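Notes for the one structure printed next.
The values are calculated or read from the model by the stated rules, or taken from the named source; none is laboratory data. What you see is a predicted model; the values in this text were computed from it and never measured. Neighbour counts run over all protein chains shown; Cβ positions are idealised from the backbone, glycine included. Surface areas here come from the heavy atoms of the whole protein model, side chains and all, with no ligands, DNA or RNA. Shrake-Rupley method; radii C 1.70, N 1.55, O 1.52, S 1.80 Å.
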Amino acid sequence: MNGNLSHLSDEDLRNLFTDLAIKQGDAWPPADPNTIGRYDKLDFEIVDVMEELQSRPGDARRILIPLLEHENPHVRLKTATNAFALVPEQARRALQSLHESAPAPACHAAGRFLDAVDMGMYVPT
């Protein structure tokens with residue numbers, strides 16, 4: 001997918017990221033084996049979007065920062081984990097809020113991400 005993304009504008013990539021994150025959140029819980037594959041496929045597509053944004057001059061992942069306030073918890077989760085290196089304090093606040101009050105799986109994923117960062121097991125780039 002990544003090769004097909006270079007022609008998209010930053011705004012188009014932000015919209016694609018949002019759509020993918022919503023679809024991925026909707027694919028949870030992966031109780032059905034077909035859903036697991038869909039969830040993982042969407043994750044790979046999100047990674048492609050992030051790589052394209054990061055490769056652009058000035059690291060265009062910054063255009064996602066307003067999505068830290070998005071109404072969808074999975075969009076906030078994916079934004080916070082992918083923008084953590086850029087705005088760690090703001091992303092941490094979003095993740096802590098998700099961990100405290102979002103429905104599963106977002107609450108659990110947010111807590112695991114923060115634990116991994118705090119223990120040095122994951123260093124956001």
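Any idea what the relative contact order of segment 1-117 is, in percent, if you count C-alpha pairs under 8 Å spaced at least 6 apart?
21 percent
May I ask for the net charge around Leu13, where only other residues with Cβ less than 15 Å from the Cβ of Leu13 are counted and Lys, Arg are +1 while Asp, Glu are -1?
Numbers: positive: Arg14, Arg56, Arg61, Arg62, Lys78; negative: Asp10, Glu11, Asp12, Asp19, Glu45, Asp48, Glu51, Glu52, Asp59.
Computed value for this residue: -4.
Note down the nm distance, to one decimal, between modelled labels 7 Å out along Cα→Cβ at Ser97 and at Ser55.
3.2 nm
What value, in deg cm²/dmol to 500, does the helix sum -39500 (n - 2.57) over DSSP H runs of n ≥ 4 give at 222 nm once divided by the residues of the chain?
Here the helix-only value at 222 nm equals -20500 deg cm²/dmol.
Hey, with R₀ at 35 Å, roughly what FRET efficiency would Asn15 and Met121 work out to, going by the Cβ-Cβ distance, to 0.05? Can you show the working numbers first?
Numbers: r = 32 Å, r/R0 = 0.92.
Calculated value: 0.65.
So how far apart, in nm, are the two label points at Ala85 and Asp26 if each is 7 Å from Cα heading toward Cβ?
3.0 nm
Considering the options Leu114, Gly37, Ala104, tell which one lies farthest towards the positive end of the dipole of the chain, charges being +1 on Lys and Arg and -1 on Asp and Glu at the Cβ, about the Cα centre.
Working it through, the farthest residue towards the positive pole turns out to be Leu114.
Quick check for you: with a 1.4 Å probe and neighbouring chains kept, what is the accessible area per residue of segment 7-125, in Å²?
In whole numbers, segment 7-125 has 54 Å² accessible per residue.
Note down the accessible area of Ser101, probe 1.4 Å, to the nearest 10 Å².
Surface accessible to solvent at Ser101 totals approximately 90 Å².
Principal axes first, then extents: for the Cα atoms of the chain, list largest minus smallest coordinate on each axis, whole Å, largest first.
38, 36, 28
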